[in-house]
Amino acid sequence: MIANAFRRRLVTAALLWPAYSLAESCGRPTERQTEGPFFKPQSPERNVLVDGKATLLVTGRVLGPDCKPVPHALLDFWHADEKGEYDNQGFRYRGHQFTDADGRYRLETIVPAEYPGRARHLHVKVQRPGGRILTTQLYFPNNPGNQYDDIFRPELVMRMASRSAGSFDFLVTA
Ligand SMILES: [Fe+2]
């Protein structure tokens, strides 16, 4: 009995090992979050969401299960405006783009206002070619709303080089 139990544990460890080695080598897969009530499909293809001066630049990469950059991955961003409202009639502050040959993306937009109950955030869907859609949200460091928003996760906070330049790498495993 004891030998069998030991053997079972060995088999279990072997099955789990690939997941553990992936996590140790390149970090945890990006966490999924609710898309909320304001997603609209068929956003225009563009990475500049603002007509005038952009007040926020977000850059980063999409990484696949092997932790290598994923070219031509889809990123569809949408977020609230300067008043914390979403454009549900048109496509203001909505747009999709594809990563370049190095798996990089670049978003030029504004810093969205907070709206009641939520920390300041950006919504995004990420999908590598042939992969499953990852729906998640990105947050801003030191935003007071992070303290009271139940959806907020520190793992999804962007690294900010300045108030207007954030970065985040997505790790998609599906
Ligand atoms: Fe939102």
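Observations, loosely collected:
- Size of the stretch 127-174 as Cα extents on the principal axes (Å, biggest first): 38, 26, 12
- If you run the Gaussian network model on the chain, springs between alpha carbon atoms under 10 Å, then out of Tyr148, Tyr105, Tyr139 the most flexible one is Tyr148.
- Selection of trypsin sites (Lys or Arg not before Pro), the stretch 53-120, meeting DSSP coil and at most 14 other Cβ within 10 Å: Lys53, Lys83
- For the stretch 156-169, the Karplus equation 6.51 cos²θ - 1.76 cosθ + 1.60, evaluated at θ = phi - 60°, returns couplings of 9, 7, 6, 7, 10, 6, 7, 5, 10, 9, x, 9, 7, 9 Hz by residue, with Gly and Pro reported as x.
- Relative to its residue count, the chain spans a Cα convex hull of 151 Å³ per residue.
- When a 1.4 Å probe is rolled over the protein heavy atoms, the share of accessible surface on the chain that falls to carbon and sulfur comes to 55 percent.
- Most fluctuating residue given options Ala80, Ala54, Ala161, as computed from a GNM of the chain linking Cα atoms under 10 Å: Ala161
- Each Lys and Arg contributes +1 and each Asp and Glu -1, all at the Cβ; summed about the Cα centre of the stretch 81-147, the dipole is approximately 280 debye.
- Considering only GluC sites (Glu not before Pro) in DSSP loops that have at most 13 other Cβ atoms within 10 Å, the longest stretch of the chain without any of them is 83-174.
- Bridge type composition, the chain - antiparallel percent by DSSP, nearest 5: 75 percent
- Its Cα centre serving as origin, the chain has a Cβ charge dipole (Lys and Arg +1, Asp and Glu -1) of approximately 560 debye.
- Among Leu134, Leu107, Leu56, the largest mean-square fluctuation in a Gaussian network model of the chain (Cα springs under 10 Å) belongs to Leu56.
- If you take the alpha carbon atoms of the stretch 24-110 and fit the smallest convex hull around them, that volume is 118 Å³ per residue.
- Positive dipole terminus of the chain, leading residue within Val157, Val111, Val48 (C-beta point charges): Val157
- The chain: relative contact order in percent, alpha carbon pairs under 8 Å with at least 6 residues between: 27 percent
The values are calculated or read from the model by the stated rules, or taken from the named source; none is laboratory data. Bear in mind that the values here come from a model prediction, so they are computed numbers and not experimental data. Cβ coordinates were reconstructed from backbone atoms using ideal geometry, including for glycine residues, and neighbour counts include every protein chain displayed. Protein only, heavy atoms only, side chains kept; ligands, DNA and RNA dropped before computing areas. Shrake-Rupley method; radii C 1.70, N 1.55, O 1.52, S 1.80 Å.
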